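The values are calculated or read from the model by the stated rules, or taken from the named source; none is laboratory data. Remember, it's a predicted structure, so these values are computed and weren't measured experimentally. Counting neighbours? That spans all protein chains shown, and the Cβs are built from the backbone with ideal geometry, glycine included. In case anyone asks, the SASA skips ligands and DNA or RNA and just uses the protein heavy atoms, side chains included. Shrake-Rupley method; radii C 1.70, N 1.55, O 1.52, S 1.80 Å.
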Amino acid sequence: MLEGVVKDKFERPILSLRITLTNRCNVNCLYCHHDGMVQSKDEMNAEELYTICKIAKKNGVKKIRLSGGEPLLKKDIVEIVEKINSLDFKDISMTTNGILLEKYAKPLKEAGLDRVNVSLDTLNRKTYEFIAKKDYLEDAKKGILKAVEVGLYPVKINMVIMKDINQNEIKDMFEFCRDNDIVLQLIELIESENCDNDKFSKDYHYKLDMVEERLSDIASDVRERKFMQGRKKYYIDGGEIEVVKPVDNATFCANCSRLRITPDGKIKPCLLRNDNLVELISHVRNGVSEEELEKIFITGINKREPYNS
Ligand code: SAM
């Protein structure tokens, strides 16, 4: 399985690439950590993304995840997936809020997208509006059901749990997921730079330990995902729930096999750092050779350092 895979200086294989396609978003979630962070003036197009993925593929990357901002705001999203798919990766997935998914699910599936994770924290319209500051709940639900219909399998719902906002909705969301053949991922809230950290954590943070205890009591089977920070999966009543809790930085880094690309085309070697980015897109745009681009890609890999090293 690790054939052709490049390892960093700490023997961690680089198996996946997460590309933040844009920082633009059509909602403004209360808790959002604004993945990608830098403001992108000049977003990458399908051809440029193809070149980057080609270099990644040549260096053993197996999986591509497309994210944002909101990736479906990219007008050329279908072409992007189509081009990346021509490189024959093992898995191409997308994280989306689902609002535009009803329109895009089928063309994306046909273009080669394998699966989607859709962020949806509530099935209650008022709560949705409180979290997202927009009234798009029905659009998101239609998008999710369309993704199931066209087979973007497994469709997963990412539900961030917040105290006094949606912690009482887990059962409803689970039933919606189970009834529609969707995997539910419960996500423990991470402190966000977007908000006043102290107040935000105090007001909304809800530890998922207790939820997990209850899940393990009622589950017919529990499995641990070894290469995913030991996340647990609970099988209940024909449905599936995965619990995503923050891990300490050292554990996170020890298990990290992912490289990232920022929306302005830089290699981001480490999720937790912004001081070791490597410029990539200007070299692609200047037409430098694939050989040179590969060297830059490897430079990005070599800059990876575990948190406590
Ligand atoms: N717009 C896309 C979406 O909504 O899925 C992709 C970007 S969004 C930032 C990616 C994921 O990060 C979502 O599943 C969201 O729930 C999660 N996320 C953002 N801020 C978070 C936080 N403070 N704690 C936990 N998860 C967070």
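Miscellaneous remarks
- Some residue of the range 10-23 being at pLDDT below 95, open to solvent by 10 Å² or more (accessible area, probe 1.4 Å) and within 16 Å of the ligand (Cβ to nearest atom): yes
- Residues of the range 218-243 satisfying the condition of being free of Cβ contacts under 8 Å to residues at least 60 places away in the same chain, of a type in the set (A, V, I, L, M, F, W, C) and crowded, with 17+ Cβ neighbours inside 10 Å: 219, 243
- In the condition set (1) within 16 Å of the ligand (Cβ to nearest atom); (2) β-branched (Val, Ile, Thr); (3) modelled with pLDDT of 95 or more, residue 38 is compliant with all but (3).
- Meets criteria (out of contact with any Lys or Arg (no Cβ under 8 Å at 6 or more places or on another chain), open to solvent by less than 60 Å² (accessible area, probe 1.4 Å) and within 13 Å of the ligand (Cβ to nearest atom)) for residue 117: no
- Subset of the range 67-84 that is buried (at least 19 other Cβ atoms within 10 Å of the Cβ) and not in a helix (DSSP H, G or I) - its residue that is farthest from the ligand (Cβ to nearest atom): 74
- Residue within the range 125-143 that is open to solvent by less than 40 Å² (accessible area, probe 1.4 Å) and touching a Lys or Arg at 6+ places or on another chain (Cβ under 7 Å) present: yes
- In the range 85-114, the residues that are over 16 Å from residue 30 (Cβ atoms) and either among the basic types (Lys, Arg) or within 12 Å of the ligand (Cβ to nearest atom) (or both): 90, 93, 94, 95, 96, 98, 99, 100, 101, 103, 106, 109
- Inspection of the range 284-295 finds no residue satisfying the criterion of being open to solvent by 80 Å² or more (accessible area, probe 1.4 Å) and at pLDDT below 95.
- Test: residue 245 is farther than 26 Å from residue 41 by Cβ, at pLDDT below 95 and over 17 Å from the mean Cα position of the chain (by Cα): no
- Residue 190 meets the conditions (1) open to solvent by 10 Å² or more (accessible area, probe 1.4 Å); (2) part of a helix (DSSP H, G or I); (3) within 13 Å of the ligand (Cβ to nearest atom) in every case but one. The failed one is (2).
- When the range 148-163 is filtered for residues that are within 16 Å of the ligand (Cβ to nearest atom) and either over 18 Å from the mean Cα position of the chain (by Cα) or without any contact (Cβ under 8 Å) to a residue 24 or more places away in the chain (or both), the ones remaining, listed by number, are 162, 163.
- Residues in the range 149-187 that are within 24 Å of residue 108 (Cβ to Cβ) and open to solvent by 50 Å² or more (accessible area, probe 1.4 Å): 149, 153, 179, 181.
- Some residue of the range 209-221 being closer than 25 Å to residue 249 by Cα and among the hydroxyl-bearing types (Ser, Thr, Tyr): no
- Of all residues in the range 17-30, those satisfying the criterion of being within 22 Å of residue 58 (Cβ to Cβ) and in contact with an Asp or Glu (Cβ under 8 Å, 6 or more places away or on another chain) are 20, 21.
- Residue within the range 96-113 that is under 19 Å from residue 79 (Cβ atoms), outside any helix (DSSP H, G or I) and open to solvent by 10 Å² or more (accessible area, probe 1.4 Å) present: yes
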